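Asker: Quick one: structure below, then a few questions.
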Amino acid sequence: MASYFDEHDCEPLNDGEQPNHLLHMARLLLDSGLAAEWDIEYGRVFGRDNVPPASKKVVENLPTSVISNSEAALERKCPVCIANFDLDEEVKQLPCQHKFHTDCILPWLAKVNSCPLCRYELPTDDEDYENFKKHKARAKQREYELENLHNSMFG
Ligand SMILES: [Zn+2]
Ligand SMILES: [Zn+2]
């Protein structure tokens, strides 16, 4: 039976020897390379100017909140139209806690899936985009692993 080390053409570790970080790094780099090819195969490119709208279901279920005394006193503004909120005015609240006039945020979310203020992303109904997001998250994790590895080797 061929061992892992025969297949990979490298020396087995002696007792007490540390695992080969370079080999590990090479494997991570190879993984990233494969990920880049997957991007090219993707067919659709998503960027700042090309994002799907927020999921209709999520938008329908956004909580409504009422502007409180203190919020009105602080002259909180709707970030979309820059008008002050009135006391007792009903507004929509995104998961990032930012509040907007219903009439201001609904047309926005029909075009874009993120908060106009902080870019917090809402789920979408676009399967391709959701897969793309998962892929991006994995790529980020890999970047983080590489950085940690780099720090453990050279830090
Ligand atoms: Zn507004
Ligand atoms: Zn926000």
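The values are calculated or read from the model by the stated rules, or taken from the named source; none is laboratory data. For clarity, every value in this text was computed on a predicted model and none was experimentally measured. Counting neighbours? That spans all protein chains shown, and the Cβs are built from the backbone with ideal geometry, glycine included. In case anyone asks, the SASA skips ligands and DNA or RNA and just uses the protein heavy atoms, side chains included. Shrake-Rupley method; radii C 1.70, N 1.55, O 1.52, S 1.80 Å.
Asker: Which ones in region 125-142 are loosely packed, with under 14 Cβ neighbours inside 10 Å and touching a residue at least 40 places away in the same chain (Cβ under 8 Å)?
Answerer: 128, 138
Asker: With the structure loaded, tell me whether residue 69 is open to solvent by 70 Å² or more (accessible area, probe 1.4 Å) and modelled with pLDDT of 60 or more or whether it fails that test.
Answerer: Spelling it out, residue 69 is indeed open to solvent by 70 Å² or more (accessible area, probe 1.4 Å) and modelled with pLDDT of 60 or more.
Asker: Also, I was wondering about something else. Would you confirm whether any residue within region 33-46 is out of contact with any Gly (no Cβ under 7 Å at 6 or more places or on another chain), at pLDDT 90 or above and not polar (S, T, N, Q)?
Answerer: So far as region 33-46 goes, no, none of its residues is out of contact with any Gly (no Cβ under 7 Å at 6 or more places or on another chain), at pLDDT 90 or above and not polar (S, T, N, Q).
Asker: I've got another one for you. Just the residues that are in a loop (DSSP other than H, G, I, E, B) and either under 27 Å from residue 82 (Cβ atoms) or near ligand 2 (Cβ under 10 Å from one of its atoms) (or both), please, taken from region 108-132.
Answerer: Those that are in a loop (DSSP other than H, G, I, E, B) and either under 27 Å from residue 82 (Cβ atoms) or near ligand 2 (Cβ under 10 Å from one of its atoms) (or both): 110, 111, 112, 113, 115, 116, 117, 118, 119, 120, 122.
Asker: Restricting attention to region 84-107, which residues are assigned to a loop (DSSP other than H, G, I, E, B), open to solvent by 40 Å² or more (accessible area, probe 1.4 Å) and hydrophobic (A, V, I, L, M, F, W, C)?
Answerer: 87
Asker: What's the number of the only condition in (1) over 25 Å from residue 50 (Cα atoms); (2) of a type outside the set (Lys, Arg); (3) within 25 Å of the chain's Cα centre (by Cα) that residue 87 fails to meet?
Answerer: Here residue 87 meets the rest and fails (3).
Asker: Only one of these conditions is not met by residue 27: (1) open to solvent by less than 40 Å² (accessible area, probe 1.4 Å); (2) within 28 Å of residue 144 (Cα to Cα); (3) at pLDDT 65 or above. Which number is it?
Answerer: Result: residue 27 fails condition (1) only.
Asker: Does residue 145 count as surrounded by 14 or more Cβ atoms within 10 Å (Cβ to Cβ), closer than 30 Å to residue 70 by Cα and more than 16 Å from ligand 2 (Cβ to nearest atom)?
Answerer: So residue 145 does not fit the description; no.
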